[in-house]
Amino acid sequence: MRVLSGIQPTGRPHWGNYFGAIRQYIDLQEDNDGFYFIADLHALTTVREPAQLRENVLNAALDLLALGLDPAKATLFVQSQIPEVSELCWLLMTGTPMGLLERCHAYKDKKEKGLAADAGLFTYPVLMAADILAYDSEIVPVGADQIQHIEVCRDLAGSFHHTFGETFVMPKAKTLDVGAKVPGTDGQKMSKSYNNTLPLFGDVKKIRKQIMRIVTDSRAMEDPKEPEGDHLFELYQLFAGPEEVSAMAEKYCAGGFGYGEIKKAVAEVSEAHFEPARQRRDELEKDIDTVNDILNAGAARAREVAASVLERARSACGIR
Ligand code: TYM
């Protein structure tokens with residue numbers, strides 16, 4: 001099956017990106033034809049500094065490879081290296097109702113906060129639909145926050161089919177039960193735009209400090225606490241095995257337990273979990289030429305697929 005997903009190079013990846021999405025990319029690359037890309041065109045809606053964007057793209061490639069994306073099994077590329085996607089975006093844009101985009105959360109949130117939004121942000125979901133449809137994608141592994149965008153993609157494909165006939169493969173979102181909505185240090189969804197992220201890579205001591213500062217309620221140590229719905233407990237569950245998780249749940253309920261204890265446990269399990277990836281990343285960083293070769297080979301392969309899908313779409317709507 002063709003599996004496709006993308007990640008924006010807007011800063012360092014965080015636990016939400018990993019447990020919601022990247023972990024799925026790596027699992028699914030085993031038995032599928034995985035296409036994974038770095039969404040630099042989408043990032044341009046927020047990163048307005050050329051050197052920074054270039055650096056972020058390379059960092060994102062290093063991160064994905066270090067975490068286990070294997071170029072021998074999956075195709076890794078940079079979104080903008082496939083110009084066919086931008087043309088397909090236009091073809092889709094011509095049939096996109098304004099109302100559909102007005103309801104999309106990225107745009108809506110910004111507008112509700114009274115912030116200026118540009119046409120790039122407004123049409124962001126159409127470019128995302130083009131990303132997905134351009135590669136005949138069947139499965140799109142993502143976190144819960146992207147489900148709405150995949151619904152938009154399905155709507156746009158459906159209305160294109162209605163007007164011009166069957167052209168695209170209809171994609172489906174894939175989310176995980178645990179990890180689809182990872183909480184951040186303040187208990188809200190972990191997100192770069194909320195400034196509540198815990199990074200995968202970076203200074204271990206600094207990350208440990210961020211973990212120790214995770215916001216909790218101020219109940220006394222003796223009070224029993226409920227593990228369900230507790231964001232620290234949710235974070236712990238991402239890393240720990242079932243036995244460790246139930247032992248921790250018992251401690252919560254018994255009382256006489258402070259949040260400092262689970263914070264330390266989260267720091268320890270997360271450090272151990274990401275240590276091998278950290279080491280791989282340090283190695284990869286010494287060989288940027290290889291990383292660039294991987295991205296170029298990936299783009300060549302992706303472009304072939306996108307060109308043939310675009311040809312189908314052009315001919316369906318009467319473009320020479
Ligand atoms: P981005 O870069 O915001 O996030 C990348 C992936 O991480 C997931 N994610 C989370 N999952 C669980 N809990 C969280 N707190 C959390 N935060 C982020 C996201 O759901 C996503 O899967 N628009 C996309 C990039 C994109 C794309 C595409 C994705 C562009 N074109 C086509 C799929 C298909 C985005 O901004 O992801």
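The values are calculated or read from the model by the stated rules, or taken from the named source; none is laboratory data. On a predicted model such as this, the values are computed, not experimentally measured, just so you know. Glycine also receives a Cβ, built like all others from the backbone with ideal geometry; neighbour counts cover every protein chain displayed.
All conditions but one from (1) under 17 Å from residue 273 (Cα atoms); (2) assigned to a loop (DSSP other than H, G, I, E, B); (3) not β-branched (Val, Ile, Thr) apply to residue 205; the one that does not is (2).
Across the stretch 84-103, not a single residue is classified as over 19 Å from residue 120 (Cα atoms), assigned by TED's automatic domain parsing to the domain that holds residue 115 and not hydroxyl-bearing (Ser, Thr, Tyr). Among the residues of this structure, residue 80 counts as one that is touching a Leu at 6+ places or on another chain (Cβ under 6 Å), surrounded by fewer than 21 Cβ atoms within 10 Å (Cβ to Cβ) and either in a helix (DSSP H, G or I) or modelled with pLDDT of 95 or more (or both). If the condition is being assigned to a loop (DSSP other than H, G, I, E, B) and either in contact with a helix residue (DSSP H, G or I) (Cβ under 7 Å, 6 or more places away or on another chain) or loosely packed, with under 11 Cβ neighbours inside 10 Å (or both), then the stretch 222-255 contributes 222, 223, 224, 225, 226, 227, 228, 229, 240, 241.
Just name the residue that is farthest from the ligand (Cβ to nearest atom) out of those in the stretch 1-42 that are of a type in the set (Lys, Arg) and more than 16 Å from residue 136 (Cα to Cα). Top of the filtered list is 12.
Restricting attention to the stretch 147-180, and to residues there that are within 9 Å of the ligand (Cβ to nearest atom), free of Cβ contacts under 8 Å to residues at least 60 places away in the same chain and not aliphatic (A, V, I, L, M), which single residue is surrounded by the fewest Cβ atoms within 10 Å (Cβ to Cβ)? Filtering first and then ranking leaves 149. A Cβ distance below 8 Å, combined with a sequence gap of six or more or placement on separate chains, defines the contacts here; from the stretch 24-46, residues that are polar (S, T, N, Q) reach residues that are modelled with pLDDT under 95 and more than 9 Å from the ligand (Cβ to nearest atom) in the pairs 45/118; 45/120; 45/121.
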